[in-house]
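In what follows, a single structure is set out as structure tokens and then discussed.
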Amino acid sequence: MKRIQFVMLGGFLGAGKTTTMSKLAAHYKSKGLNVALVTNDQAVNLVDTNSLRSQGLTVEEVAGACFCCKFDELVDRIVSLEEKDRPDVIIAEPVGSCTDLVATVVQPLKDLYGNRFDVSPYPVIFKPSHGLKILKNEGGSGFSPKAAYIFIKQLEEADAIVINRIDEINASQLNELMLIVSQKFPGVPILKMSAKNGTGIDELSILLDQKGLFGRKILDIDYDIYAEGEAELGWLNSSLQVQSDGLLDVDAILVDVISRLRKELIFHKAEVAHLKAIGLADGAFGVANLVSNGTMPELSLPSNSMINQFDLIINARVAIDPVILEKLVSDMVCKTCDSIKAKAVLGKTQSFKPGRPVPTHRYSAVNAK
């Protein structure tokens, strides 16, 4: 049986993992390789799955908990892809608030299924908008020390740290980032990337194709702090339909909703980890997002659509009580619709705090096999 290359891309919420998956998949496909993806989220109805499928990619998903807590389901999804699509490469994206993935995913996969998969080095994508403040232990990162603990632990287990969004920072900021990351994590390779424009994807693929003693950093981790850090994040997925007698500018509505939410969340001193507004209709798919309070909303995927109605999906990962978050999202969507004389019809909403992670497997040491 052909061995499949398994790639897992770590990184905090809003680091750019989904965009990296897309660009990396395109890179492998350009080389004639068959590629499949596995997405993951604490919630159900994963928008990233729809986004990636809209790009013509083969995607399976693990919903409702991280890969570590649903390891057997992850394997089932991989096997399903293996049987149906016979991929050469499978790229997986774990939940951005999870860590300890070497002990709970990489090592079990190598030990239990090492005869079927070549597990690539484990890169963690670095998010500059929060990362520099957290690494410098500065105030104003927007996250508590417990939530920042997760960010640090993600980097500690990385085989390589990939500084993303270099198109959004200047040369001085990038140099400062490179210096502090190298000081905090000596000996760990550092890559520079802009997943948005594809810079650094070739270098990332070279890293991922390497063989050797990778995926071996078993963390010394306090699961109480880890669980409490995750529980400080409010998680919301909300679906609505926006309707009007006239034509609606989908992209303008997405940006307006995100902009209004940003102002309200800053007022409530609630730090955004990742916030997305997605517009869906026949022949239309647009995405606007926000990755921190200190950055501006971005139309990351224009739909270029003017239509009478479309589905609006809001994904929010914010350091705030999910009950408050749900009300803020509802209020801001209504204000956007009122401003353009449109109507918002509420669909399903799921809001919660992530539960305590309970891994299916946790290796306390590297398996010798």
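Any read-out appearing in this document is the output of simple, stated calculations on the displayed coordinates, not a laboratory observation. Computed from a prediction, not measured in an experiment: that's the story for all the values here. Methodologically, a virtual Cβ is constructed for each residue, glycine included, from the backbone with ideal geometry; neighbour enumeration extends over all protein chains shown.
Anything over 26 Å Cα to Cα? Flag those among LYS23/LYS353; LYS133/LYS211; LYS263/LYS341; LYS196/LYS341; LYS136/LYS211; LYS269/LYS335, in the order listed.
With Cα atoms farther than 26 Å apart: LYS23/LYS353; LYS133/LYS211; LYS196/LYS341; LYS136/LYS211.
Express the relative contact order of the stretch 4-230 as a whole percentage, based on alpha carbon pairs under 8 Å and six or more residues apart in sequence.
For the stretch 4-230, the relative contact order is 26 percent.
Which net charge results when you count Lys and Arg as +1 and Asp and Glu as -1 among the other residues whose beta-carbon is under 12 Å from that of ALA103?
In short, 0.
Taking the DSSP beta bridges in the chain as the whole, what percent of them are antiparallel, to the nearest 5?
Among the beta bridges of the chain, antiparallel pairing accounts for roughly 60 percent.
Quick check: residue separation of GLN309 and THR349 times 0.36 nm, minus the Cα distance between them. What number comes out in nm?
Stretched out fully, the GLN309 to THR349 stretch lengthens by 12.5 nm.
Based on the Kirkwood radius over alpha-carbon pairs, what value in µm²/s does the Stokes-Einstein equation return for the translational diffusion coefficient of the chain at 37 °C and 0.692 mPa s?
In µm²/s, the coefficient is 157.
What nm distance separates the two modelled labels at LEU247 and ARG216, each placed 7 Å from Cα along Cα→Cβ?
Each label point lies 7 Å from its Cα, and together they span 6.1 nm.
Calculate the FRET efficiency for ASP111 and ASP224 from the Cβ-Cβ distance with a Förster distance of 30 Å, rounded to the nearest 0.05.
It comes out at approximately 0.65.
For the chain, what does the helix formula give at 222 nm: sum of -39500 (n - 2.57) over DSSP H segments with n ≥ 4, over the residue count, nearest 500 deg cm²/dmol?
Computed ellipticity for the chain at 222 nm equals -11000 deg cm²/dmol.
Sticking with the crude label model, points 7 Å out along Cα→Cβ, report the distance from ILE324 to ILE206 in nm, one decimal please.
With each label point 7 Å from Cα toward Cβ, the separation is 4.7 nm.
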